[in-house]
Amino acid sequence: MEQRRLVPTGDLARELGISTRTVARYVREGLLTPNEVTLGGHYRWDIEDVRQQIRELREGDGE
């Protein structure tokens, strides 16, 4: 079984070209779901999974 690499929010934001505050807002609004939340409340992300979530959101908007 392949182990997914989970990255912190800062790495995800850099990869997507958005701010960490934008990522946090998307989570609050229910647009993105982190793959894991640490005991300290920090999000961990699989970048490809987030890209898939974004594609699904766009498809749902009729784009």
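The values are calculated or read from the model by the stated rules, or taken from the named source; none is laboratory data. This structure is a prediction, so every number in the text was calculated from the model and none was measured. Note: ideal-geometry Cβ built from the backbone for every residue, glycine included; neighbour counts use all protein chains shown.
Remarks
- Residues (more than 15 Å from residue 15 (Cα to Cα) and either surrounded by 11 or more Cβ atoms within 10 Å (Cβ to Cβ) or among the charged types (D, E, K, R) (or both)) located in region 54-63: 55, 56, 57, 58, 59, 61, 63
- Boolean, residue 32 is surrounded by 15 or more Cβ atoms within 10 Å (Cβ to Cβ), modelled with pLDDT of 95 or more and not in a helix (DSSP H, G or I): yes
- Pairs with Cβ under 7 Å, 6+ apart, first in region 1-30 and more than 16 Å from residue 42 (Cα to Cα), second modelled with pLDDT of 95 or more and surrounded by 11 or more Cβ atoms within 10 Å (Cβ to Cβ): 4/46; 15/47
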